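> Okay, handing you the structure first.
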Amino acid sequence: MRAVVLSGGLTHDFPATTACLVELLSGQGIRAEVHTDVDAALRALPGAALLVVNALRWTMTGPGTPDRYRELAGTEGESPSQSARARLAAHLEAGGGVLGMHTASICFDDWPEWGRTLGAAWVWGRSHHPPIGPAVEVRPEGGHELVDGLAPFTVVDEVYGNLERAPGTVPLLTAAQPTGPDTHSRHPLLWAREHAGGRIVYDALGHHPPSYEVPEHREILRRAIHWTTHG
């Protein structure tokens with residue numbers, strides 16, 4: 001079984017976190033094919049069981065994008081080609097899975113179908129996270145097999161807030177932001193859904209390697225890989 005992993009982008013140690021994901025995939029007998037080019041990754045999907053997006057790839061020109069990113073759009077901004085987008089549609093129609101990690105919700109801001117697939121999109125000026133800081137308590141919710149039987153756990157990670165979520169997404173993990181103006185609201189950090197023929201999991205955790213070392217998070221990711229690939 002093969003997985004295509006899209007990795008790379010700004011402000012994160014994607015080589016290190018992708019190595020964590022490759023290890024988890026290998027542990028379930030899945031060969032990971034890592035790409036840092038968006039179109040190359042999507043073109044590699046035929047025959048793959050899973051697409052993993054552990055990357056920060058977007059146009060950097062959309063509404064509300066901070067100037068510090070707009071200045072880099074000419075060299076760092078990316079948008080998948082139409083043919084590459086069609087490969088994702090075909091992947092889902094064939095029953096392929098998608099695992100989106102952390103910044104996957106920021107990716108591909110000019111491709112609405114990506115947000116509909118993932119079930120979430122970052123909205124500049126509304127979505128936010130405080131600086132990574134003290135450990136937060138992450139609470140499993142509901143009875144889905146991704147979290148069934150797991151107790152609350154702590155992790156040092158970013159807690160994304162106010163993502164634009166697709167209707168019907170059911171949170172499977174929640175946490176409160178540890179600092180900032182609102183430390184009482186709990187934000188959804190994980191969900192699993194079916195869309196356009198495929199199974200999709202979005203996990204908003206995974207900013208840095210220590211997040212992947214937390215046993216409960218590793219177990220959730222193992223289950224996510226199993227579920228999205230119909231294992």
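The values are calculated or read from the model by the stated rules, or taken from the named source; none is laboratory data. Given the structure is predicted, the values throughout are model-derived calculations rather than measurements. A quick note on method: Cβ atoms are made from the backbone with ideal geometry, for glycine too, and the neighbour counts reach across all protein chains shown.
> Here's a check for you: in the stretch 179-188, which residue that is of a type outside the set (Val, Ile, Thr) and more than 21 Å from the chain's Cα centre (by Cα) is modelled with the highest pLDDT?
Top of the filtered list is Ser185.
> A further question on this structure: Inspect all residues belonging to the stretch 36-50 and state whether any of them is surrounded by 22 or more Cβ atoms within 10 Å (Cβ to Cβ) and at positive phi.
No, the stretch 36-50 contains no residue that is surrounded by 22 or more Cβ atoms within 10 Å (Cβ to Cβ) and at positive phi.
> Looking only at the stretch 103-114, count every residue that is part of a helix (DSSP H, G or I) and touching a helix residue (DSSP H, G or I) at 6+ places or on another chain (Cβ under 8 Å) and tell me the total.
Result for the stretch 103-114: 4.
> Name, by its number, the condition in (1) surrounded by 14 or more Cβ atoms within 10 Å (Cβ to Cβ); (2) over 23 Å from Gly96 (Cα atoms) that does not hold for Ser185.
So the condition that Ser185 fails would be (1).
> Would you be able to say whether some residue in the stretch 118-139 is surrounded by 17 or more Cβ atoms within 10 Å (Cβ to Cβ), over 30 Å from Ala89 (Cα atoms), β-branched (Val, Ile, Thr) and out of contact with any helix residue (DSSP H, G or I) (no Cβ under 9 Å at 6 or more places or on another chain)?
Checked against the condition, which is being surrounded by 17 or more Cβ atoms within 10 Å (Cβ to Cβ), over 30 Å from Ala89 (Cα atoms), β-branched (Val, Ile, Thr) and out of contact with any helix residue (DSSP H, G or I) (no Cβ under 9 Å at 6 or more places or on another chain), the stretch 118-139 yields at least one hit.
> Can I ask one more? Among the residues of the stretch 142-166, write down those that are of a type outside the set (D, E, K, R) and outside any loop (DSSP other than H, G, I, E, B).
Within the stretch 142-166, Phe153, Thr154, Val155, Gly161 qualify.
> Here's a check for you: in the stretch 83-101, which residue that is among the aliphatic types (A, V, I, L, M) and assigned to a strand (DSSP E or B) is surrounded by the fewest Cβ atoms within 10 Å (Cβ to Cβ)?
Applying the filter and picking the extreme gives Val98.
> Among the candidates Pro134, Pro130, Pro63, Pro80, which residue alone is part of a loop (DSSP other than H, G, I, E, B), more than 19 Å from Thr17 (Cβ to Cβ) and in contact (Cβ under 8 Å) with a residue 60 or more places away in the chain?
Going through Pro134, Pro130, Pro63, Pro80 in turn, just one is part of a loop (DSSP other than H, G, I, E, B), more than 19 Å from Thr17 (Cβ to Cβ) and in contact (Cβ under 8 Å) with a residue 60 or more places away in the chain: Pro63.
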